[in-house]
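Asks: This is the structure, below, for whatever I ask next.
The values are calculated or read from the model by the stated rules, or taken from the named source; none is laboratory data. Quick caveat: nothing in here was measured; it's all calculated off a predicted structure. Neighbour counts run over all protein chains shown; Cβ positions are idealised from the backbone, glycine included. Heads up: the accessible areas ignore ligands, DNA and RNA and are worked out on the full protein's heavy atoms, side chains in. Shrake-Rupley method; radii C 1.70, N 1.55, O 1.52, S 1.80 Å.
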Amino acid sequence: MKVGRVIGVVGPSGVGKDSVMAGVAEAAPDFQIVQRAITRAPGLGGEEYLPVTPSAFAEHVAAGDFCLHWTAHGLSYGIPSDIQRRARDGQSFLINLSRAVLTDADRVFPDFTVLQLSASPETLATRLAGRGRETVEEIRARLERSGNDIPSQLNVITVTNDGALEDTVAQVLTHLQRDRA
């Protein structure tokens, strides 16, 4: 049986990771979007996620319920362990990941590729302000952290998302097809 592809989507806040992932999944239904467990209150918009309390998250970690987990921006994130099995069984996934766990993801998933999304600082600032979740100072701090620190040994596809979403999705699909050939 063919192993499924796992695409770890990374990029700074406001780059449009969730929108691009949704567009790719719609255009290429063989890819499913992974729902992350997050220690975030329910109903805060953006991606669909499984809200968990910090204590429940710690219990899930101890029980081995996550194949990947990390903490960023004061929240904890977990990828359900069944994703690893399902990828080995041939299912392909798109996962919104932190750059900090990319090396771990490469070890966990046999066919792993990083999709690095970028956008101009102006585009990022506009999108972050439009979300209405952060102050101007918090947006400025996020923009200062939006570095490019991806380990060099990984298979990386880089796409700029400054224009129309459908153009970005088309570029991603072209890269994924070329990468597969």
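Asks: When you scan region 98-124, how many residues do you find that are part of a helix (DSSP H, G or I) and more than 16 Å from Thr71 (Cβ to Cβ)?
Replies: Counting residues in region 98-124 that are part of a helix (DSSP H, G or I) and more than 16 Å from Thr71 (Cβ to Cβ) gives 8.
Asks: Could I ask something else about it? Output the number of residues of region 68-79 satisfying the condition of being surrounded by fewer than 20 Cβ atoms within 10 Å (Cβ to Cβ) and either farther than 11 Å from Ile38 by Cα or basic (Lys, Arg) (or both).
Replies: 1
Asks: Is it the case, given these coordinates, that Arg85 is over 29 Å from Asp167 (Cβ atoms), open to solvent by 70 Å² or more (accessible area, probe 1.4 Å) and over 12 Å from the mean Cα position of the chain (by Cα)?
Replies: On the way: over 29 Å from Asp167 (Cβ atoms): yes; open to solvent by 70 Å² or more (accessible area, probe 1.4 Å): yes; over 12 Å from the mean Cα position of the chain (by Cα): yes.
Yes, satisfied.
Asks: With a cut-off of at least 2 residues that are modelled with pLDDT of 95 or more and in contact with a Gly (Cβ under 8 Å, 6 or more places away or on another chain), name the helices (runs of 4 or more DSSP H) lying wholly within region 1-89.
Replies: Values: elements: 17-27, 54-63, 82-88.
By residue number, 54-63, 82-88.
Asks: Identify the residue in region 98-119 that is open to solvent by 10 Å² or more (accessible area, probe 1.4 Å) and under 21 Å from Gln177 (Cα atoms) and, among all such residues, is farthest from the chain's Cα centre (by Cα). Give the steps one after another, and end with the answer.
Replies: First, the residues of region 98-119 that are open to solvent by 10 Å² or more (accessible area, probe 1.4 Å): 98-100, 103-104, 106-108, 110-112, 116, 118-119.
Then drop every residue that is not under 21 Å from Gln177 (Cα atoms), which leaves 106, 110-112, 116, 118.
Working: Asp106: 14, Pro110: 17, Asp111: 16, Phe112: 13, Gln116: 9, Ser118: 13 Å.
Once the filter is applied, the top-ranked residue is Pro110.
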